[in-house]
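The block underneath contains the structure these notes are about, expressed in structure tokens.
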Amino acid sequence: MIGAAQGDGGALRALVVDDEAPARDELAWLLRQDDRIAAVRTAADAAEALRLLHDEPVDVLFCDIKMPGLDGVELARVLSRFASPPQIVFVTAYDDHAVEAFDLHAADYVMKPVRAERLAEAVRRVAGSGAPPPEDETIPVELGGVTRFVRRSEVRFVEAQGDYARLHTATGSHLVRVPLSVLEERWAAAGFARIHRSTLVALAHVDEVRTVDGRCSVRLGTEPPVELPVSRRHTRELRDLLARR
């Protein structure tokens with residue numbers, strides 16, 4: 001049966017999927033050095049991976065993206081339809097699939113050549129030590145040519161920048177290739193609300209609503225505090241949402 005099955009003592013069962021033998025073998029070797037990994041198997045393509053998963057489930061796939069036949073993204077989509085799919089960590093030389101990784105709720109997105117410390121961080125995310133809870137979500141962002149993942153729960157507010165969105169956290173901001181309208185729809189159930197045509201705010205971070213001379217604004221009480229304007233169109237809706245919370 002395909003699905004997740006945590007190994008003994010909390011260690012993880014892993015499957016490495018890569019059509020290039022040197023990359024596959026190196027990644028498997030690095031994973032075997034990690035005490036959190038109980039067992040590592042390898043597959044040269046998606047078809048072989050599915051056969052192996054049918055015989056014995058795993059907790060996590062470390063999967064290349066560009067492979068002959070079914071590629072890594074398509075394989076992840078197949079697995080996502082199962083009742084208990086394994087977690088996915090994409091390991092690739094290309095950064096142009098980060099948005100698809102976001103859509104598929106990948107645990108991480110590691111760029112080749114793989115560094116041992118970066119792989120250890122991916123294992124940490126999968127193992128759950130400090131990882132976001134299942135209801136949280138991660139967003140791939142570009143930092144100096146390296147793809148990192150920001151948790152949705154860390155985002156205080158989002159600003160529209162054309163067809164892009166800028167995520168603001170307590171430690172900085174990150175531009176992502178996702179329109180604000182998409183995030184508004186996707187994150188509404190997680191407590192994000194539109195307060196302006198160009199601003200989405202996390203209601204959990206709002207600690208004050210101010211009205212001065214008929215103009216409304218919200219204060220985000222995290223450090224450093226931020227004050228954001230609320231358009232007249234969204235003022236009543238915002239107050240209703242905060243009252244219900």
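The values are calculated or read from the model by the stated rules, or taken from the named source; none is laboratory data. From a predicted model like this one, the values you see are computed outputs, not experimental measurements. All Cβ positions, even for glycine, are placed from backbone atoms using ideal geometry, and neighbour counts span all protein chains on display. Side chains included, ligands, DNA and RNA excluded: accessible areas come from the protein's heavy atoms. Shrake-Rupley method; radii C 1.70, N 1.55, O 1.52, S 1.80 Å.
Take every pair of alpha-carbon atoms less than 8 Å apart whose residues are at least six positions apart; their mean separation over the length of the chain yields a relative contact order of 11 percent. Each helix, a run of at least 4 DSSP H residues, gives -39500 (n - 2.57); summed and divided by the residues of the chain, these come to -8500 deg cm²/dmol at 222 nm.
For region 108-245, the square roots a ≥ b ≥ c of the C-alpha gyration tensor eigenvalues yield an a/c of 1.5 or more together with a/b exceeding b/c, which makes the shape prolate. Accessible surface area normalised per residue over region 136-195 is 44 Å², counting heavy atoms of protein chains with a 1.4 Å rolling probe.
Comparing Glu142, Glu223, Glu48 in a Gaussian network model of the chain where C-alpha atoms under 10 Å apart are linked, the largest mean-square fluctuation is found at Glu223. Expressed as a whole percent, the proportion of Cα-Cα pairs in the chain lying more than 27 Å apart is 42%. A 1.4 Å probe run over the protein chains yields, for region 22-119, 48 Å² of accessible area per residue, whole-number rounding. Using amide H atoms built in the peptide plane, which far-off residues or other-chain residues are under 5 Å from Lys112 H to H? Those qualifying (amide H under 5 Å, at least 5 residues apart or on another chain) are Thr92, Ala93, Tyr94. The order of the peptides 62-74, 150-162 by mean Cβ neighbours within 10 Å, most packed first, is 62-74, 150-162.
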